[in-house]
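So that we are looking at the same thing, I have put the structure below in C-alpha cells.
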Amino acid sequence: MSSDTNRQWVLASRPTGEPTMDDFEMVESDIPEPGPKEVLVRTQYMSVDPYMRGRMRDADSYADPWQVSEVMRARCVGEVVESNHTDFAAGDTVTGNLYWAEYAAVDGTELDHADTGDAPVSTALHVLGMPGRTAYVGTVDVGEVEPGDTVVVSGAAGAVGSVAGQVASIAGAHVVGIAGSDRKVEWITDELGFDAGINYNTDDLSSEVADACPRGVDLYFENVGGEVSDAVLDHLTQFSRVAVCGKISLYNAQPGDEELTGPRRFYQRTKTRVEGFIVSDHAHRFEHIMDRLRRWTGDQVQYEETVTEGIESAPDAFLGLFEGENIGKQLVRVGE
C-alpha cells in the first residue's frame, strides 16, 4: 500500500438478518484533495454503533439508509492534514460524522474541535461524545430521574448504558444494570458503582429484577428490547417512565418475524410514560450537557474502551456488537 492510498469500507450488500463479512467490501482510492471550505482529516479513531444496522436496511428511518457500493459513515476523531476552512488548521484535532476510511475530505461545517479536556481524544466518541449525550438526555431530560428513584438500565455495560447508570447514580437513584455476562456485571458494580447488576442469562430474569428492585422500577432506560424488556416491564411502578433509546435485540429482525415484546406488557401500567428519543433533537442542550460530562469524567463517571486495531478490523468490531463482545465503547483505532 502506497502512502497516498486511502482504504475505505463500502456496503457490499444489504444484510438479511445478522450482517456478515460478505456485506462489506474494502476499496482503495487516492487520498482526496480538499475543495473550497473543505478540510482533509486523517482518521485516528472510528466509532461503530448498533444504530448503523438500521442504515444498512432500505427502509424509512430517522437516518437515510446507506446505498450499496457507498462508503459507510461513522463518527470519527482525527487530525487535520490540510484545511481550506478558516475555523481549522493543520494539526487540529477534530470530530465529525465522517467515513469508514483512513482519510476524509469534508466541508468544515461538518466538523467540531474535539474538546475532551484532560481525557484522551478517543473519549470524543463515547463518554464525551454522542453516547454520553444520549445517556444524559435519556436519563435526565426524557427519564426525569429523581433522587430515590429505582432505575434499571439494560445494555448496562455498553457505551450508552454504562454512562446512563452513572448519571442516574449522581442524581441520587438506586441503579440496577442488566448485562450479558458475569464479567460485565462485575464491571458495572465494582468499577462504575451500580447498586446491583443482573446477568440476563438466567433462568428467571423477571424474578431477578424483582429481587433487585423490591419497590418496583421507576425509570427504565431501554437499550435492548425483547425478553429483557419484558422482564423489566413486569415491575414498573405507577407514574414510571421508560426512555426508549434502542432495541438491539431486534435490529436484525426481518419483516414477518414475530416481535416478542409489545404493548401487552403495559396492560396494568396505564400511568406509565413511554418515550422514544433521538439525541439530535436535544441539540440545544448539548453545551450544558457537555459541561457536566467533562466535569464528571474521570471522577464521578468512569469509562472503558474496547479497541480493535486498524481500518481492516472495522467490520469485525461492528459485528461484535451483536455478540456482546465489547465492554464500554467499541472503537477502531485507524491511525496514531
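Once you sort the root eigenvalues of the Cα gyration tensor of region 1-160 as a ≥ b ≥ c, which label holds: rounded (a/c under 1.5), prolate (a/b larger than b/c) or oblate (the other case)? If you can, show how the numbers build up before the last one.
On the way: a/c = 2.29, a/b = 1.28, b/c = 1.78.
Taking the square roots of the gyration eigenvalues as a ≥ b ≥ c, region 1-160 is oblate.
ALA159: net charge of surrounding residues, Cβ under 10 Å, Lys/Arg +1, Asp/Glu -1, itself excluded? Intermediate values should be presented prior to the final figure.
Numbers: positive: LYS329; negative: ASP49, GLU304, GLU305.
Local charge sum for ALA159: -2.
If the reach is capped at under 20 angstrom between alpha carbons, list the aspartates and glutamates near LYS184, excluding any in the same chain fewer than eight residues apart.
Within the straight-line cut-off, LYS184 pairs with ASP49, ASP195, ASP203, ASP204, GLU208, ASP211, GLU222, GLU227, GLU304, GLU305, GLU323, GLU325.
Which whole-number percent is the relative contact order of the chain (Cα, under 8 Å, 6+ apart)? Before the final figure, lay out the partial values.
Numbers: 736 pairs, mean separation 58.8, N = 336.
Taking the mean separation of contacting Cα pairs over the length of the chain, I get 17 percent.
For region 65-144, what does the alpha-carbon gyration tensor say about shape, rounded, prolate or oblate, given a ≥ b ≥ c as the root eigenvalues, a/c under 1.5 as rounded, and a/b over b/c as prolate? Could you put the intermediate results ahead of the total?
Numbers: a/c = 2.26, a/b = 1.32, b/c = 1.71.
It comes out oblate by the Cα gyration axes.
Could you report the accessible area of ARG133 in Å², rounded to 10, computed with a 1.4 Å probe on the protein chains as they sit in the structure?
For ARG133, the solvent-accessible surface is approximately 40 Å².
For region 291-334, with the dipole built from +1 on Lys and Arg beta-carbon atoms and -1 on Asp and Glu ones, taken about the Cα centre, which of ILE311, ASN326, THR297 lies farthest toward the positive end?
Going by the charge dipole, the pick is THR297.
Just need log10 I(q)/I(0) for region 34-97 at q = 0.21 Å⁻¹, Debye formula, equal scatterers on the alpha-carbon atoms, no solvent, rounded to two decimals.
Scattering profile of region 34-97, log10 relative to I(0): -0.87.
Related question: If the cut-off is 30 Å between C-alpha atoms, which lysines fall inside it for LYS271, apart from same-chain ones fewer than 8 positions away?
LYS247
Using a simple charge model, +1 on the beta-carbon of Lys and Arg, -1 on the beta-carbon of Asp and Glu, nothing else, what dipole does region 16-119 show about its Cα centre, in debye to the nearest 20?
Working: 7 positive and 23 negative charges, 41 e Å.
Roughly 200 debye, rounded to the nearest 20.
Shape call for the chain from the C-alpha gyration tensor, a ≥ b ≥ c root eigenvalues: rounded (a/c under 1.5), prolate (a/b greater than b/c) or oblate?
Prolate is the answer for the chain, as a/c is 1.5 or above and a/b outweighs b/c.
At a threshold of 8 angstrom on Cα-Cα distance, excluding pairs fewer than six apart, so keeping six or more, what relative contact order does region 148-233 reach in percent? Intermediate values should be presented prior to the final figure.
Details: 160 pairs, mean separation 30.1, N = 86.
Computed value for region 148-233: 35 percent relative contact order.
Would you mind counting up the charge near VAL137? Only other residues with Cβ under 14 Å from its Cβ, with Lys and Arg at +1 and Asp and Glu at -1.
Numbers: positive: ARG133, ARG241, ARG285, ARG292; negative: ASP141, GLU144, GLU222, GLU275, ASP281, GLU287.
Cβ neighbours under 14 Å give a net charge of -2.
Where both partners of a DSSP beta bridge lie in region 95-243, what percent of those bridges are antiparallel, to the nearest 5?
Details: 2 of 18 bridges.
Around 10 percent of the beta bridges assigned by DSSP in region 95-243 are antiparallel ones.
Continuing with this model, one more query. Provide the per residue accessible area, probe 1.4 Å, for region 1-88, rounded to a whole number of square angstrom.
Working: 4420 Å² over 88 residues.
Averaged over the residues of region 1-88, the accessible area is 50 Å².
Where does the charge balance sit around ARG292 when Lys and Arg score +1, Asp and Glu -1, over other residues with C-beta under 13 Å from its C-beta? Mind dumping the intermediate values first?
Working: positive: ARG133, ARG285, ARG294, ARG295; negative: ASP141, GLU287, ASP291, ASP299.
Neighbourhood net charge equals 0.
Oh, and also: Given +1 on the Cβ of Lys and Arg, -1 on the Cβ of Asp and Glu, and no further charges, what dipole in debye does the chain carry about its Cα centre, rounded to the nearest 20?
Working: 26 positive and 58 negative charges, 209 e Å.
Its charge dipole is roughly 1000 debye.
Let me ask something additional. As a test of the formula, what do you get for the chain when each DSSP H run with n ≥ 4 contributes -39,500 (n - 2.57) and the sum is divided by the residue count, at 222 nm and rounded to the nearest 500 deg cm²/dmol?
On the way: 8 runs with 63 residues, N = 336.
Calculated at 222 nm, the ellipticity per residue is -5000 deg cm²/dmol.
Can you give the angle from 0 to 90° between the axis of helix 286-296 and the longest principal axis of the chain, with both taken from C-alpha atoms, to the nearest 10?
80
Near the amide H of VAL175, under 5 Å away, which other amide H atoms are found, from residues 5 or more places off or on another chain, if H is placed in the peptide plane?
HN-HN under 5 Å from VAL175: VAL151, ASP195, ALA196.
The values are calculated or read from the model by the stated rules, or taken from the named source; none is laboratory data. Since this is a predicted model, take the numbers as computed values, not measurements. So basically every Cβ, Gly included, is an ideal-geometry build from the backbone, and we count neighbours across all protein chains shown. Quick note on the areas: whole protein, heavy atoms, side chains included, nothing else; ligands and nucleic acids left out. Shrake-Rupley method; radii C 1.70, N 1.55, O 1.52, S 1.80 Å.
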